[in-house]
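One structure is given below, encoded as structure tokens.
The values are calculated or read from the model by the stated rules, or taken from the named source; none is laboratory data. All figures in this text were calculated on a predicted structure; none of them were measured in a lab. Reconstructed Cβ throughout: ideal geometry from the backbone, glycine too, with neighbour counts over all protein chains shown. We work out accessible area using only protein heavy atoms, side chains counted, and drop any ligands, DNA or RNA first. Shrake-Rupley method; radii C 1.70, N 1.55, O 1.52, S 1.80 Å.
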Amino acid sequence: MSPPAAIHETVVPATTNGNGLMGIKKDLAVKAMINGQAKTLAEMENKWESFTFAPIRESQVSRAMTRRYFNDLDTYAESDIVIVGAGSCGLSAAYILGKQRPDLKIAIIEAGVAPGGGAWLGGQLFSAMVMRKPADVFLADLGVPYEDEGDFVVVKHAALFTSTLLSRVLSYPNVKLFNATTVEDLITRPSPTPTNPSAISIAGVVTNWTLVSMHHDDQSCMDPNTINAPLVISTTGHDGPFGAFSVKRLVSMQQIEKLGGMRGLDMQSAEDAIVKGTREVVRGLVVGGMELSEVDGANRMGPTFGAMALSGVKAAEEALRVFEE
Ligand code: 48N
């Protein structure tokens, strides 16, 4: 950087002079701000004055959003795989599927406006995220840096893991995230077996805007939409206002007798049980992550996330097994 000039010519980084951004000619303003080019005060003064964005009409913005959204709804009305819940498990499954099977249409349905579930912080609002080995292999594949502590690794901020995973998943052309959208029910088909004549298989999901789902008690006639898919992966987390959705629905449809209910915290055993137990619970429905703990009565593991990532990997493999059957 050149030596500081006289006060009126003091070399300053591209920053504000107290009256908002300084003048830079057209797009040079943005470039100078973004790459932090040092500019003399005088040189900056007259460059933002002529700055202006390209012209727009409001309807162009509206059409740019709505055309794409409704085209996506049309495209994914018939999906190959639906993932319910964009938490660490569901996103990990989407990462594997999006990468291994670019030929499959994968729809992710997330009730929250913000995807990511419980993986934006470590434990008790602390930032760092712990994953026990061998989940470091997943982090390395994802390109998330971590500190190696021997039997486990630490990502400096949980949001670094979740935002990296999310950005990878959203960059796949065959994956569509429908956030602020709730799965309100499952699409079913009779699928009797010799031992269970009333058995069903899952053939997709029933969806509605989450804000609509939250008001069925005070509004009528708000029927849902549907997405058909031969395979649904449900990773809606442990029980709670939204959690454990699909397995609770299976109980109310008498497809599983009752929920085992998530047990107390036992870090050592919980993670193995969740990863190993990730499976197709009924035909067409694979359950993973903490939702599975509600089915099997597995322990919870607390603030360690390796099982979520690797349960997602296993859920993806279980889903592909169904496709290759
Ligand atoms: O993060 P979660 O809750 O679920 P997982 O299984 O991906 O990760 C669980 C993990 O965060 C833990 O709980 C950690 C390891 N702690 C364990 C412990 O011992 O406490 O994500 C579930 C996502 C959320 O984003 C929900 O909003 C969403 O699923 N969701 C739904 N989305 C659409 N439709 C629904 N019906 C629905 N229900 C939940």
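In nm, to one decimal, how far is the ARG68 label point from the SER252 one, both placed 7 Å along Cα→Cβ?
Going by the 7 Å Cα→Cβ label model, 3.5 nm.
For GLY237, list long-range residues whose amide hydrogen, built 1.01 Å from N in the peptide plane, is under 5 Å from its own amide hydrogen.
ALA244, MET290, GLU291
Quick one: Karplus J couplings for the range 267-284, per residue in order, coefficients 6.51, -1.76, 1.60, θ = phi - 60°, nearest Hz, x for Gly and Pro?
4, 4, 9, 4, 5, 4, 4, 5, 5, 5, x, 4, 6, 7, 7, 10, 3, x
With the cut-off at 1.5 for a/c, could you classify the chain from its C-alpha gyration tensor as rounded, prolate or oblate? Don't skip to the end; give the middle numbers.
On the way: a/c = 2.68, a/b = 1.72, b/c = 1.55.
Prolate.
Counting only protein heavy atoms and using a 1.4 Å probe, what share of the accessible area of the chain belongs to carbon plus sulfur, as a whole percent?
57
By how many degrees, between 0 and 90 and to the nearest 10, does the Cα long axis of helix 88-100 differ from the longest principal axis of the chain?
So the inclination is approximately 80 degrees.
In terms of the Cα gyration tensor, with a ≥ b ≥ c the square roots of its eigenvalues, is the range 170-246 rounded because a/c is under 1.5, prolate because a/b exceeds b/c, or oblate?
oblate
What list of ³J(HN,Hα) couplings, whole Hz, do you get for the range 162-168 from phi and the Karplus terms 6.51, -1.76, 1.60, once you set θ to phi - 60° and write x for glycine and proline?
5, 5, 5, 4, 4, 5, 5
Under a GNM of the chain (C-alpha, springs under 10 Å), which listed residue has the highest mean-square fluctuation: LYS31, LYS176, LYS258?
Between LYS31, LYS176, LYS258, it is LYS31 that shows the largest mean-square fluctuation.
Determine the dipole magnitude for the chain: charges of +1 sit on the beta-carbon of Lys and Arg, -1 on that of Asp and Glu, nothing else is charged, the reference point is the Cα centre, and the result goes in debye to the nearest 20.
Dipole of the chain, to the nearest 20 debye: 600 debye.
Express the relative contact order of the chain as a whole percentage, based on alpha carbon pairs under 8 Å and six or more residues apart in sequence.
Rounded, it is 17 percent for the chain.
Residue by residue through the range 241-248, what is 3J(HN,Hα) from phi via Karplus (6.51 cos²θ - 1.76 cosθ + 1.60, θ = phi - 60°)? Round to whole Hz and write x for glycine and proline.
x, 10, x, 6, 4, 5, 6, 5
Enumerate the amide H contacts of ILE200 below 5 Å, restricted to partners 5 or more residues apart or on another chain; note that Pro and chain-start residues carry no placed amide H.
The list, which skips near neighbours in sequence, is SER191.
Considering Cα pairs under 8 angstrom that are at least six residues apart, work out the relative contact order of the range 206-325 and quote it in whole percent. Provide the component values of the computation, followed by the final result.
On the way: 191 pairs, mean separation 32.5, N = 120.
Rounded, it is 27 percent for the range 206-325.
With a/c under 1.5 counting as rounded, go ahead and sort the range 178-325 into rounded, prolate or oblate using the C-alpha gyration tensor (a ≥ b ≥ c being the square roots of the eigenvalues; past the cut-off, prolate if a/b is larger than b/c, else oblate).
Oblate, because a/c is 1.5 or more while a/b does not exceed b/c.
In nanometres, what is the gap between the two model label sites at SER220 and VAL61, each 7 Å from Cα along Cα-to-Cβ?
Between SER220 and VAL61, the label points sit 3.8 nm apart.
Among the lysines, which have Cα under 23 Å from the Cα of LYS31 when same-chain residues fewer than 8 positions away are ignored?
LYS39, LYS47
What residues qualify as long-range amide H neighbours of ILE187, i.e. H under 5 Å apart, gap of 5 or more or another chain, H built at 1.01 Å from N?
Here ALA203, GLY204, VAL205, VAL206 satisfy the definition.
Quick one: go through the range 286-325 and flag any residue whose amide nitrogen is under 16 Å from the point 7 Å out along the Cα-to-Cβ line of GLU149.
Answer for the range 286-325: 301-307.
Points 7 angstrom from Cα along the Cβ direction at LEU142 and ASN179: gap in nanometres?
Label at LEU142, label at ASN179, 1.5 nm between them.
Antiparallel DSSP bridges in the chain: what percent, to the nearest 5?
Bridges in the chain that DSSP calls antiparallel: roughly 55 percent.
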